[in-house]
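We did not get these values from a lab; they are worked out from the coordinates using the rules stated. Predicted model only: the values in this text are computed from it and were never measured. Methodologically, a virtual Cβ is constructed for each residue, glycine included, from the backbone with ideal geometry; neighbour enumeration extends over all protein chains shown.
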Amino acid sequence: MIRIKDIKKSFGDVEVLKGITHDFEAGKTNLIIGRSGAGKTVLLKLLVGLFAPTSGEIWYDKTNFVELNRNQVREIRMQVGMLFQGSALFDSMTVQENISFPLDMFSKMTTKEKLDRVNYCLERVSLEGANDKYPSEVSGGMQKRVGIARSIVLKPKFLFCDEPNSGLDPKTSIVIDELIKSITIENNITTVINTHDMNSVMEIGDNIALLHMGELAWVGNKDDVLETDNQLLKDFIFASPFLQKLAKAAGGK
Amino acid sequence: MRTVFSRPEKFHMYYKETIRQMNDIGIGSLVIICLIAVFIGAVTAVQFSYQLSGGLVPRYYIGYVVRDIVIIELAPTFTCLVLAGKVGSNMAAEIGGMRQKEHIDAMEIMGVNTATFLILPKVIAAVTVIPLLVAIAAFVGNAGGYIATVPTGLLTSEEYIQGLRAFFIDFNVVMMFVKGLVFSFILTTVSCYQGYFVKGGSIELGQASTAAVVYSSILILLFDYLIAIVLTQ
């Protein structure tokens, strides 16, 4: 579980996050949603330690991440996997080398054990046999799946996904969402997903936090979305006329 | 700088990366370095023979001057200036590209000390390989002087070789290696710094690459002067 308490972040005079308190629960897909510029990416980068908060606390289970020194942060990061928006696969390495990189760097496994683990992860994301391909030789959806395989190879306790469906077609997006959801449940991972994708919200939103102008505007789950009276959430979720019609047809408010 | 030289996580990964960098810097630059060195030696020999023509200085002095000027100055400085352009800009672009494509963030989140992993192998490879390239450049430069003077009749083979052997001072070779070592350290650290801290998009990446070459070149020339003062006093 990850708990953030009164997190604030400023860049110069601009306060991007204005004191956010929220729990990201283990074994659930925790979504951070909001319009562009709401502070989602900043919050995600604070959670993984790429930015330091101006004030506030970030608790990974019973450890305050903010107070750790560089080496202690590195130890926590061994338990963290992250899927980047652009996948961030290393271009000069094959799919197998990309997935094996964290194992090569940190594990004491034999070559055979590493290969078995890589093959298991590839199988888990339905990419058996793609070991020797380079990232440039596979599609965007496959790159995302390789990114997921790499992020779970060290069996993380915490998984972060930054816009996992950006640039993907709706069908592939569903595959990625389902994959993240099933991995989260299987391994009881605390998964935090930063997304704009309304389909993800409605399909895998176990714990949804809406950010608006650096503040937490709404918290709930996918079942609460259609019933909400929160105007900010309604404006965000049903921004398109098409979805507004669908919601009305479904009997939502 | 202290982070760069901190303890590697996994020795064999750093070893593999260092060998790859040695290959890229050494083998990848050998042809251009030899090509430049042969012309440096040739031009030095031809111009010095022009200045000596009709004078009282023995002609074998051409070989002597080519040898010393190539070993002390031209081989280390020219080689490292060329490598600042070729290798330095490449390092800045490679690391800067990784920064922009979030590869560095990805490694950081995995727990990798990115400053060490991305920079240390390059520094070790450069300070090992570039002094060797400088030595090869010195040898080829002297051969270039021979090619430019002996077949054209400016000197006989015996005169040039007599010049190469005359008044030889071992310390000049030490000076050449000191320069090679210092210049290679400068060009890698400056270039990696420019790439590692790049911000923005492709324009900024280009600017970082250019800055890597410009700052490396200026520092190489500055340290060339300082080393000359320190080692010749």
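Fewest first, what order do A:235, A:104 take by the number of other Cβ atoms within 10 Å?
Listing A:235, A:104 from fewest to most nearby Cβ atoms yields A:235, A:104.
What number, in percent, do you get for the relative contact order of segment B:52-207 if the mean sequence gap of Cα pairs under 8 Å and at least 6 apart is divided by its residue count?
It rounds to 49 percent for segment B:52-207.
Using alpha-carbon positions, what is the distance between the centroids of segment B:38-112 and segment A:106-179, in Å?
Distance between centres, Cα-based: 44 Å.
Can you pull the mean other chain C-beta count within 10 Å for peptide A:97-106?
3
About the Cα centre of chain A, how large is the charge dipole given +1 on each Lys and Arg Cβ and -1 on each Asp and Glu Cβ? Please answer in debye to the nearest 20.
With Lys and Arg at +1 and Asp and Glu at -1, about 260 debye.
Could you work out the Rg to Rh ratio of the protein assembly as shown, with Rh taken as the Kirkwood radius (inverse of the mean 1/r over all Cα pairs)?
Result for the protein assembly as shown is an Rg/Rh of 1.15.
Could you pull out every whole DSSP H run in chain B that spans at least 27 Å of Cα extent along its own axis and averages -1.0 or higher on the Kyte-Doolittle scale?
B:28-52, B:114-149, B:170-196, B:202-232
Could you give the size of the charge dipole of the protein assembly as shown about its Cα centre, using +1 on the Cβ of each K and R and -1 on the Cβ of each D and E, expressed in debye and rounded to the nearest 20?
360 debye
Report the Rg/Rh value for segment A:1-71, based on alpha-carbon coordinates and the Kirkwood definition of Rh.
Taking Rg over the Kirkwood Rh, I get 0.95.
Out of A:83, A:161, A:72, whose Cα points farthest toward the positive end of the dipole of the protein assembly as shown (charges: +1 Lys, Arg; -1 Asp, Glu; placed on Cβ)?
Farthest towards the positive pole: A:72.
Considering the Cα trace of chain A, what is its radius of gyration and what is Dmax, both in angstroms?
18.6, 58
Between segment A:212-232 and segment A:22-43, how many Å separate their Cα centres?
Taking the Cα centre of each part, segment A:212-232 and segment A:22-43 sit 12 Å apart.
Fully extended, how many nm does the chain gain between residue A:91 and residue A:52 (0.36 nm per residue separation, minus their Cα-Cα distance)?
11.2 nm
Which translational diffusion coefficient, to the nearest whole µm²/s, is obtained for chain B from the Stokes-Einstein equation, given a Kirkwood hydrodynamic radius over C-alpha pairs, 37 °C and 0.692 mPa s?
Value of D from the Cα-based Kirkwood radius: 173 µm²/s.
Let me know the longest stretch in chain A that avoids all GluC sites (Glu not before Pro) found in a DSSP loop with at most 12 other C-beta atoms within 10 Å.
Segment A:1-127 is the longest.
Can you tell me the dipole magnitude for chain B around its Cα centre, using point charges on the Cβ only (Lys, Arg +1; Asp, Glu -1), in Debye to the nearest 20?
Computed charge dipole of chain B: roughly 220 debye.
Residues with beta-carbon under 15 Å from that of residue B:165, excluding residue B:165: net charge, scoring Lys, Arg +1 and Asp, Glu -1?
Local net charge: -2.
May I ask for the net charge around residue A:39, where only other residues with Cβ less than 13 Å from the Cβ of residue A:39 are counted and Lys, Arg are +1 while Asp, Glu are -1?
Neighbour charge sum, excluding residue A:39 itself: +4.
Run the simple label-point estimate for residue B:173 and residue A:25 please: 7 Å along Cα→C-beta, distance reported in nm.
With each label placed 7 Å out from Cα toward Cβ, I get 7.5 nm.
So what are the three principal axis dimensions of segment A:91-155 from its Cα atoms, in whole Å, longest to shortest?
Cα spread of segment A:91-155 along its principal axes, largest to smallest: 32, 23, 18 Å.
Do any trypsin sites (Lys or Arg not before Pro) in segment B:127-233 lie in a DSSP loop with no more than 13 other beta carbon atoms within 10 Å, and if so, which?
Of the trypsin sites (Lys or Arg not before Pro), the ones in loops of segment B:127-233 whose Cβ has at most 13 other Cβ atoms within 10 Å are B:199.
Express as a percent, rounded to the nearest 5, the fraction of DSSP beta bridges in the protein assembly as shown (both residues included) that run antiparallel.
In the protein assembly as shown, approximately 55 percent of DSSP beta bridges are antiparallel ones.
When the Karplus curve 6.51 cos²θ - 1.76 cosθ + 1.60 is applied with θ = phi - 60°, which whole-Hz ³J(HN,Hα) does each residue of segment A:37-49 get, with x for Gly and Pro?
Karplus-based 3J(HN,Hα) across segment A:37-49 equals x, 6, x, 4, 5, 4, 4, 5, 5, 5, 4, 8, x Hz.
Within 10 Å of each Cβ in A:225-234, how many Cβ atoms from other chains are there, averaged over the peptide?
0
I'd like the Kirkwood hydrodynamic radius of segment A:18-135, using the inverse of the mean 1/r over distinct C-alpha pairs, in Å.
16.9 Å
Tell me, what is a quarter of the convex hull surface for the C-alpha atoms of segment B:86-188, in nm² with one decimal?
Across all orientations, segment B:86-188 yields a mean hull projection of 8.6 nm².
For peptide B:8-14, compute the average count of partner chain beta-carbon atoms within 10 Å of each residue's beta-carbon.
The shielding value for this peptide is 2.
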